[in-house]
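Below is one structure, written out as structure tokens, with a few remarks after it.
Please treat every number below as a calculation from the coordinates, not as lab data. Model, not experiment: these values are computed from the prediction. Positions of Cβ are generated from backbone atoms using ideal geometry, with glycine treated the same way; all protein chains shown enter the neighbour counts.
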Amino acid sequence: MPRSLLPRSPARKALLAAALLAALLPLSAAAAAEPGTLTVQPRPVEDLKAVFATVESVRETLARTRIGGTVADLTVTEGDKVTVGQVIATVRDPKLPLQLAALDARIQALTAQQHQAELELGRARQLRSSGTGTQQRLDDAQAALDVARAQIAAMEAERSVVAQQLREGEVLAPAAGRILQVKVIAGAVVMPGEPVASIATDTYILRLRLPERHARFLKEGDPVLVGQRGLAPVALADPGATALARGAVRQVYPEMAGGQVIADASVSGLGDFFVGERVRVYVATGTRDAVVIPPDWLLRRFGTDFVRLADGTEVPVQAGGEIPTVGDRPGGLEILSGLKPGDVVVRPAGS
């Protein structure tokens, strides 16, 4: 008798049954998933408010002169990017080179006096060692040499001060950023501490101003959606395609101004914006429960919106606005009426 026709033992039957059950389980799970269907369940969504935000720098600083004089060189103009310590202008005082020349001449004269005092001290020592000179003459020669050396040191220190003032004629950028405004022209006479240029630091933020009624909903870490440049609105159904960037609220100021709460949002990609440029921003002003379905699951016939259910019927619905994708929550189209929790919606064929 062939081996395949022999009666199987109970153990082999149990193993075959377990293998068959394991092979059928994935098929039954896939069937239960029923791709192309959606069970209606309300979920929390953010109420987004469209506001205008202004691109501003976190800090604005001034590059100031350190000495008075005439602006000889001006190497920057509005819009230029600068680094820390970059020379943006040079202020020259014609009196400083003359003071250096005068100090150099005085140092040379004192050096000659020092040489003469060294010779006098040498002769006084020889006379004192031979017994023909007095101790007073030796002390006077030593004192004259010490005075000459001290005077030379004082002149060199004074020369260093003037040389430092000459170097301080270079106006340096105190921070890296972009030149907003140049306040002087070449050839202008400036005083010490006078501003030469204003610089916006590299870190840009969006400054939001919202009505007072939204103050209690706004907090640090809230997401924001930024529209395109030119104040173009954002297509919220697909914000990733048309939104410039996503950001988050970094600071909410505790003081209101003109009935508005002020907040700053950090957004990447603002480096090439103009300081003061306005962009459209959407911020969350609260949450609510809503029924959301993908936009392409909606059928429109004769000016009326329909949704197809799992039993084959089509029910009229009232569609609301578009819900954006925020964080891990997918966006879609809000359904205001026509669906109730538990309804199973079927994706239309061909969509």
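Some observations on this one:
- Restricting the calculation to Cα atoms, every distinct pair contributes to the Kirkwood radius of segment 281-344, found to be 13.0 Å.
- Remark on segment 241-318: Rg and Dmax equal 20.5, 57 Å (Cα only).
- Where the alpha-carbon atoms of segment 52-140 are placed on the principal axes, they occupy 98, 27, 17 Å, in descending order.
- Scalar couplings 3J(HN,Hα) for segment 191-200, obtained by applying the Karplus form with A = 6.51, B = -1.76, C = 1.60 to θ = phi - 60°, are 9, x, x, 6, x, 9, 8, 9, 10, 8 Hz; x denotes Gly and Pro.
- Nearest-0.05 FRET efficiency for Gln116 and Glu156, computed from C-beta distance (R0 25 Å): 0.85
- In plain terms, if you count all Cα to Cα distances in segment 131-182 and split them into 10 Å steps from zero, the share in each step is 19, 21, 19, 15, 11, 8, 5, 2 percent.
- In this simple spin-label approximation, Arg64 and Ala349 carry label points 7 Å from Cα along the Cα→Cβ vector, and these lie 7.9 nm apart.
- 22 Å Cα-Cα reach of Lys81 towards lysines, excluding residues that sit fewer than 8 places from it in its own chain: Lys183
- Placing a label point 7 Å from the Cα of Ala176 along the Cα-to-Cβ line, the residues of segment 251-280 whose backbone N sits under 15 Å from it are 271-272.
- Per residue, the Cα convex hull of segment 85-216 amounts to 207 Å³.
- Diffusion coefficient (Stokes-Einstein, Kirkwood radius over C-alpha pairs, 4 °C, 1.567 mPa s) for segment 47-98: 87 µm²/s, rounded to a whole number.
- Annotation: lysines with alpha-carbon distance below 30 angstrom to Lys219 (same-chain offsets under eight excluded): Lys49.
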